[in-house]
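Note sheet for the following structure.
The values are calculated or read from the model by the stated rules, or taken from the named source; none is laboratory data. These figures come from a predicted structure and were not determined experimentally. Note: ideal-geometry Cβ built from the backbone for every residue, glycine included; neighbour counts use all protein chains shown. Calculation scope for accessible area: heavy atoms of the full protein, side chains included, ligands and nucleic acids excluded. Shrake-Rupley method; radii C 1.70, N 1.55, O 1.52, S 1.80 Å.
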Amino acid sequence: MDILRIATAGSVDDGKSTLIGRLLYETNSITKDKIEALESASKRKGLNFLDLSLLTDGLIAEREQGITIDVAHIYFSTPTRKYIIADTPGHIEYTRNMVTGASNAKVSLILVDARQGIVEQTARHLSIASLLRIPKVIICVNKMDLVQYQESKFNEIQDKLSDLVHKTTFQGQNVSYLPISSLFGQNITKQADEMPWFTGNTLLQELETFEFAETLAQAPARFPVQFVVRPMTEAYHDYRGYAGKISSGTFKVGDEIRVLPTGQTSTIATIEKFENSLDQAIAGESIVMTLSNDIDISRGNSIILASETNVPSLKDFSAHVCWLDHQALSAGKTYLLQHGIHTTKAKITQITERLDVTQQTSTNEVGQLNLNEIGKISLRTAQAISADIYAENPSNGSFILIDEFSNSTVGVGFVD
Amino acid sequence: MSTNMSAIHDKIGQFPRELEDESIYIMREVAAQFDRPALLFSGGKDSITLVRLAQKAFFPGKIPFPLVHIDTGHNFPETIEFRDWLVKETGAELIVRYVQDSIDQGKAKEESGKYASRNVLQTVTLLDTIEEFKFDACIGGARRDEEKARAKERIFSVRDDFGQWDAKRQRPELFDMLNGRISVGENVRVFPISNWTELDVWNYIKEEKMEIPSIYFAHQRQVIQRDGMLWADSEHLNKEADEIPFETTVRFRTVGDMTCTAAVSSTAVDINVIIEEILSAEISERGARIDDKRSEAAMEKRKQQGYF
Ligand SMILES: Nc1nc2c(ncn2[C@@H]2O[C@H](COP(=O)(O)OP(=O)(O)OP(=O)(O)O)[C@@H](O)[C@H]2O)c(=O)[nH]1
Ligand SMILES: [Mg+2]
């Protein structure tokens, strides 16, 4: 059974949480006791209808302010697949939580208020979806009920957005438009009887028919070593297994491998998953690998195929970043860089560009990047990292920056 | 088979194996990133699943951290029996600390009245245990689908000196990169099965042919009827005069203390039937948790106090 991960996006109050609530409601994914709890919470707020945004806005502060503050993860399944939805906040202050939710998504639902059209957050979230290389974006023009379900209004927004979308999209990204009303359930799981002029898919149909070709297994083979298993028991006296989750590609028993950064080579003796021995394993699988000879490997090393000529090893490189901390990113500063499971120090040598999300233009050579800004930086790491270019192999091309003093995650980067 | 039942069968599907891969990855990150991790073991199906995942993550090595049980003294005897069996079976280390001791030391106060439970008190014992052993990471079996405050949790959830959760200050958590760096005094709660649903857990138990405590299956039990739920009768339950115990066939859908988990009427003795019952249930899993019913934000408030 496959899993499709989705994240919502769009400006504050555009109706993201209501949409997710509606989707779960119409697919009968909310149990009776939870509906009753929503009914009484809606009543307490003085509403005479069922406020479905309360399904994900579960924190006291969120209910008081009527906005989403942090990502909520919510689940439902159909006979086709299991869905994991990250309902993220639209408020600019909480962009870090939006990025958290979006980072694992295969589909981004970007909501736009039919009355207001494009706002800055629409542009920021489109930029983030493209930075993350989310393969499918569905632009949901919501609150169509408030513009009398007029086709002209929908077309107008679509026209205005097309220029921006043209600039942010990358090859292979699929962008579609959908007129909806989350409040009245138009075009969510049922055809919109109020909008007979729209003949496309409903939101649920779009999700159910989305095929994401898992290309990860075909990407170059990358296996970061997380943990060395050494039982040191009688039965497993000399056993040395390398545990980790394959980040991309395929490994087979008998493959010649190379360890990075040391460059040592060996052959795969076994691939194990608990008590089972496998002939091969692919991207996403958590396995234990043993090698034919004893070489020195520790946590943070990466295993690749020895046949590969293009060895990923970076020390001086450039990357795009999205900054997530109140304290600005400044050139010359040192951070901890975590690439997958490997952490090393990194110095930001230069901030080469800052992106203006609405115009999609850049300012060159800026001094700092502030909270929620996107830019391009040059950096140098203490130890080489075995990263690929993000666009070529996303699962091995991103990293996070950690503040050495607060220990907090302050930025996310994508290797150029 | 009626159409309704076949629709349900369609929904059961299989356990999505990628969830197991993700959880094992998280287990290994805990062992690698922390000096003194522990697995909080309650005896319920979620923590039993955690033990299974930990076993798989480090095989053929042993689980490299202890199981910690905060014993409220109000456990079902079947749970304790199962716990001791599992520890023997896996060779894991077990640490038990008692809420009764916290009460005796005057650190926690027993609740009174007919809804008295030790659910809230266990946080005191938990925080003391974390301090005693200097645990820097505690693995828990909370799932995001259980409850609306839990839906907001990170996988690595940083807690302050007092174990408190601050929803507004959670760290970004990107892709599968887990940042377990903490300052002195802070610790991390780790939730490896965050993305599993109740159904995923049951399908996993079924596919893995895992043992679970007998109370998850239908059995005869003395219960009382209160607030539309069936409460297990025991010496710990404060009954009112008109609450007269009677025997009936029940099972538990979620297992906490005898004083905070209600039973459901069921004759299911087979895991397939349990899964069917869950799929057609009108009530969510935590609908049977008396501890969640205290107020709209009961869970969030307990989490702020250091609950997991
Ligand atoms: N008329 C109308 N109102 C809607 C629709 N969708 C949402 N709303 C209302 O818009 C308001 C905001 O909805 P939310 O779902 O909380 O918006 P959100 O995008 O999740 O907001 P944040 O998460 O805080 O960014 C609520 O009062 C909703 O009832 C719609 O389709 N039509
Ligand atoms: Mg919202």
- [ ] Give region B:50-84 a look and list any residue that's touching a residue at least 24 places away in the same chain (Cβ under 8 Å), farther than 19 Å from A:P231 by Cβ, of a type outside the set (S, T, Y) and in a helix (DSSP H, G or I), or say none.
- [x] B:L50, B:E78, B:I80, B:E81, B:F82, B:R83
Task: Residue list for region A:154-186, filter: free of Cβ contacts under 8 Å to residues at least 40 places away in the same chain and within 13 Å of ligand 1 (Cβ to nearest atom) - done: A:S181, A:F184
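Residue-by-condition table, conditions (1) assigned to a strand (DSSP E or B); (2) aliphatic (A, V, I, L, M); (3) farther than 29 Å from A:A217 by Cβ:
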residue	(1), (2), (3)
A:L379	yes, yes, yes
A:A384	yes, yes, no
A:F405	no, no, yes
A:V412	yes, yes, no
TODO: Spot the failing condition for B:K168; the list is (1) surrounded by fewer than 23 Cβ atoms within 10 Å (Cβ to Cβ); (2) within 9 Å of chain A (Cβ to nearest Cβ); (3) under 24 Å from B:I24 (Cβ atoms), and only one is missed.
DONE: (3)
Task: Subset tally (residues that are within 16 Å of ligand 1 (Cβ to nearest atom) and without any contact (Cβ under 8 Å) to a residue 40 or more places away in the chain) for region A:73-89 - done: 1
- [ ] Could you pull out the residue among A:V99, A:V71 that is within 12 Å of another protein chain (Cβ to nearest Cβ), touching a Gly at 6+ places or on another chain (Cβ under 7 Å), under 16 Å from B:F175 (Cα atoms) and within 16 Å of ligand 2 (Cβ to nearest atom)?
- [x] A:V71
- [ ] For region A:1-13, name all the residues that are near ligand 2 (Cβ under 9 Å from one of its atoms) and out of contact with any helix residue (DSSP H, G or I) (no Cβ under 8 Å at 6 or more places or on another chain).
- [x] A:D13
- [ ] Look at A:D33 and say whether it is within 11 Å of ligand 2 (Cβ to nearest atom), in the same structural domain as A:G185 (by TED's automatic domain parsing) and open to solvent by 10 Å² or more (accessible area, probe 1.4 Å).
- [x] no
Open item on the list: If A:A219 satisfies all but one of (1) within 19 Å of A:I3 (Cα to Cα); (2) open to solvent by less than 40 Å² (accessible area, probe 1.4 Å); (3) away from ligand 1 (no atom under 16 Å from the Cβ); (4) among the hydrophobic types (A, V, I, L, M, F, W, C), what's the number of the condition it fails?
Closed with: (1)
Open item on the list: Being within 12 Å of chain B (Cβ to nearest Cβ) and either touching a residue at least 24 places away in the same chain (Cβ under 8 Å) or surrounded by 20 or more Cβ atoms within 10 Å (Cβ to Cβ) (or both): is that true of A:I20 here?
Closed with: yes
- [ ] Tell me, yes or no, whether region A:77-96 has at least one residue that is open to solvent by 30 Å² or more (accessible area, probe 1.4 Å), more than 12 Å from chain B (Cβ to nearest Cβ) and touching a helix residue (DSSP H, G or I) at 6+ places or on another chain (Cβ under 8 Å).
- [x] yes
Open item on the list: On the basis of being of a type in the set (F, W, Y) and surrounded by fewer than 16 Cβ atoms within 10 Å (Cβ to Cβ), does A:Y242 make the cut?
Closed with: no
TODO: Identify the single condition in (1) part of a loop (DSSP other than H, G, I, E, B); (2) within 20 Å of the chain's Cα centre (by Cα) that B:S47 does not satisfy, given that it satisfies every other one.
DONE: (1)
- [ ] Kindly establish whether B:V120 is under 28 Å from B:L230 (Cα atoms) and surrounded by 21 or more Cβ atoms within 10 Å (Cβ to Cβ).
- [x] no
- [ ] Only residues in region A:223-252 that are more than 10 Å from chain B (Cβ to nearest Cβ) count as the first member; pair them with residues that are open to solvent by 40 Å² or more (accessible area, probe 1.4 Å) and assigned to a strand (DSSP E or B), Cβ under 7 angstrom, at least 6 apart or cross-chain, and list the lot.
- [x] A:R240/A:V228; A:Y242/A:V228; A:T250/A:Q280; A:T250/A:I282; A:F251/A:Q280; A:K252/A:Q280
Task: Subset of region B:102-115 that is under 23 Å from B:G43 (Cα atoms), without any contact (Cβ under 8 Å) to a residue 40 or more places away in the chain and out of contact with any Ser or Thr (no Cβ under 7 Å at 6 or more places or on another chain) - its residue that is least open to solvent (accessible area, probe 1.4 Å) - done: B:I103
Task: Check on B:D176, in contact (Cβ under 8 Å) with a residue 40 or more places away in the chain and among the acidic types (D, E) - done: yes
Open item on the list: Quick check on this structure: which one of A:E308, A:E256, A:E275 is open to solvent by 50 Å² or more (accessible area, probe 1.4 Å), under 16 Å from A:P220 (Cβ atoms) and of a type outside the set (A, V, I, L, M, F, W, C)?
Closed with: A:E256
Open item on the list: Only one of B:A268, B:A262, B:A218, B:A232 is of a type in the set (G, A, S), buried (at least 16 other Cβ atoms within 10 Å of the Cβ) and over 30 Å from A:K82 (Cβ atoms). Can you tell me which?
Closed with: B:A232
Task: Of residues in region A:184-213 being within 24 Å of the chain's Cα centre (by Cα) and closer than 15 Å to A:N142 by Cβ, the one most open to solvent (accessible area, probe 1.4 Å) - done: A:E206
Task: Residue, farthest from ligand 1 (Cβ to nearest atom), within region A:53-68, restricted to residues that are open to solvent by 30 Å² or more (accessible area, probe 1.4 Å) and assigned to a helix (DSSP H, G or I) - done: A:I60
TODO: Specify which of the listed residues (A:G10, A:G21) is at positive phi, in the same structural domain as A:I118 (by TED's automatic domain parsing) and within 8 Å of ligand 1 (Cβ to nearest atom).
DONE: A:G10
Open item on the list: Please go through region A:343-377 and give me each residue that is assigned to a loop (DSSP other than H, G, I, E, B), farther than 26 Å from A:H166 by Cβ and open to solvent by 40 Å² or more (accessible area, probe 1.4 Å), ordered by number.
Closed with: A:E365, A:G367, A:N370
